Amino acid sequence: MAGSVAASAFFPGPGASPAASVKTSKNMAGELPENLSVRGIVAKPGTPSGKMQVKAQAQALPKVNGTKVNLKNAGSDIEESIPYSAPKTFYNQLPDWSMLLAAVTTIFLAAEKQWTLLDWKPKKPDMLVDTFGFGRIIQDGLVFRQNFLIRSYEIGADRTASIETLMNHLQETALNHVKTAGLLGDGFGATPEMSKRNLIWVVSKIQLLVEQYPSWGDMVQVDTWVAAAGKNGMRRDWHVRDYNSGRTILRATSVWVMMNKNTRRLSKMPDEVRAEIGPYFNGRTAITDEQSEKLAKPGSTSDGDSAKQFIRKGLTPKWGDLDVNQHVNNVKYIGWILESAPISILEKHELASITLDYRKECGRDSVLQSLTTVAGECSDGHPDSTIQCDHLLQLESGADIVKAHTEWRPKRAHGGEGNMGFFPAESA
């Protein structure tokens with residue numbers, strides 16, 4: 001009997017309340033002190049089932065010389081209410097199935113995304129490497145490759161990329177090649193040894209064979225490399241392809257020589273510079289000797305009285321036409337050369353090839369004139385004929401800046417070949 005009473009004091013029956021339990025334990029064990037020095041649990045009337053109010057005293061009151069000292073203020077004896085939850089049962093210990101499902105879904109989607117990326121990489125290796133247009137060195141370090149997307153502002157009146165756009169791609173890859181190889185000094189494409197000697201590169205000749213023109217949204221892939229050109233020159237070649245089809249867009253070759261930046265005179269190639277660039281020389285050529293012979297030299301189409309000449313005067317460089325070496329960018333010369341070409345040729349033909357011989361640099365204060373001579377039998381601009389032209393860009397004082405020769409073919413429709421060609425005609 002005594003054991004039952006003692007057990008009921010600590011484990012109340014189903015109908016007993018916590019207060020009754022405390023009261024029973026008080027009656028059975030004797031009188032308890034009014035102020036408990038440990039945490040006591042007292043259930044207040046009206047408290048919802050399953051919750052109790054807890055009155056806690058942090059510690060027993062200290063004594064000083066046998067006298068209790070109350071460290072609390074009189075108005076700070078406030079009961080602290082702490083919510084109490086009923087003990088967990090088997091039911092409320094089950095996991096939250098919605099959260100578990102969300103976690104599984106997140107893991108599945110992340111795995112699917114990663115698998116997609118892994119599956120995409122082998123198919124588009126150059127796109128991943130060249131996402132931001134930085135380019136990379138390939139073929140044992142002898143060739144530099146870079147991709148370019150044709151922008152809407154890089155196309156001309158016929159809705160294809162202009163020759164200036166393609167020339168800019170060539171120039172950009174040349175500079176990025178030097179930079180990626182770690183040979184970029186303080187100058188515009190100059191190596192460290194060239195910078196020490198105030199030497200810069202200047203182009204003396206360039207030839208381009210254009211097989212087709214890309215359109216807005218096309219991706220072009222440009223390969224470039226260098227080789228020796230005589231004792232004091234360097235040859236740089238390019239091969240431009242359509243990224244998707246692999247078809248050739250253009251081939252180009254050029255010869256570069258060194259100029260002293262201060263005296264503006266040509267210079268021999270120092271042995272130290274040759275040692276820098278020599279390991280990157282590649283014997284491969286973009287334009288074969290046979291193809292180069294077919295490109296007529298400037299001045300070869302003049303045919304006496306049967307030739308017609310067109311002229312455009314008053315051409316002046318703008319500040320934006322100058323490069324970091326304070327002379328006119330070589331790409332700008334092409335635009336000036338075509339300024340004097342007859343509009344009938346520009347409308348019905350496209351440039352198939354161009355050869356440029358650079359004779360003299362052009363400064364900011366120069367005033368130029370552009371002359372174009374069209375072969376007599378082609379001067380009428382017949383749309384089915386191939387046209388050859390000679391061009392001369394010179395100072396109005398008479399000094400030659402650039403001589404050029406161009407060949408033009410009738411514009412071709414490229415239907416059914418994707419974006420490589422003209423857009424469909426707009427409806428009225």
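For residue 297, the requirement of being basic (Lys, Arg) and part of a strand (DSSP E or B) is not met. From the list 413, 352, 428, the lone residue that is over 16 Å from residue 310 (Cα atoms) and at pLDDT 95 or above is 352. Tell me which of these residue 278 doesn't satisfy, since it passes every other one: (1) outside the structural domain of residue 385 (by TED's automatic domain parsing); (2) modelled with pLDDT under 85. Condition not satisfied by residue 278: (2).
In the stretch 95-150, of all residues being modelled with pLDDT of 80 or more and assigned to a loop (DSSP other than H, G, I, E, B), the one that is surrounded by the fewest Cβ atoms within 10 Å (Cβ to Cβ) corresponds to 140. Among the residues of the stretch 304-315, is any outside any helix (DSSP H, G or I), closer than 22 Å to residue 292 by Cα, modelled with pLDDT under 95 and basic (Lys, Arg)? Among the residues of the stretch 304-315, not one is outside any helix (DSSP H, G or I), closer than 22 Å to residue 292 by Cα, modelled with pLDDT under 95 and basic (Lys, Arg), which makes the answer no. Restricting attention to the stretch 167-209, the residues that are out of contact with any strand residue (DSSP E or B) (no Cβ under 6 Å at 6 or more places or on another chain), farther than 18 Å from residue 327 by Cβ and among the hydrophobic types (A, V, I, L, M, F, W, C) add up to 4.
Remark: residue 210 falls outside the filter, which requires a residue to be surrounded by fewer than 22 Cβ atoms within 10 Å (Cβ to Cβ), touching a His at 6+ places or on another chain (Cβ under 8 Å) and closer than 17 Å to residue 351 by Cβ. The residue that is surrounded by the most Cβ atoms within 10 Å (Cβ to Cβ), among those in the stretch 341-359 that are out of contact with any strand residue (DSSP E or B) (no Cβ under 8 Å at 6 or more places or on another chain) and aliphatic (A, V, I, L, M), is 346. Of the numbered criteria (1) surrounded by 13 or more Cβ atoms within 10 Å (Cβ to Cβ); (2) modelled with pLDDT of 75 or more, the one residue 399 fails is (1). Would you confirm whether any residue within the stretch 283-291 is in the same structural domain as residue 135 (by TED's automatic domain parsing), assigned to a helix (DSSP H, G or I) and closer than 26 Å to residue 412 by Cα? Yes, there is a match, as at least one residue in the stretch 283-291 is in the same structural domain as residue 135 (by TED's automatic domain parsing), assigned to a helix (DSSP H, G or I) and closer than 26 Å to residue 412 by Cα. Can you pull out every residue in the stretch 234-265 that is surrounded by 16 or more Cβ atoms within 10 Å (Cβ to Cβ), assigned to a strand (DSSP E or B) and either not assigned by TED's automatic domain parsing to the domain that holds residue 185 or not aliphatic (A, V, I, L, M) (or both)? Within the stretch 234-265, 235, 236, 237, 238, 239, 241, 242, 251, 253, 254, 256 meet the criteria.
The values are calculated or read from the model by the stated rules, or taken from the named source; none is laboratory data. Predicted model, so just to flag it, every value in this text is computed and none were measured. Every residue, glycine as well, gets a Cβ built from its backbone with ideal geometry; the counts of neighbours run over all protein chains shown.
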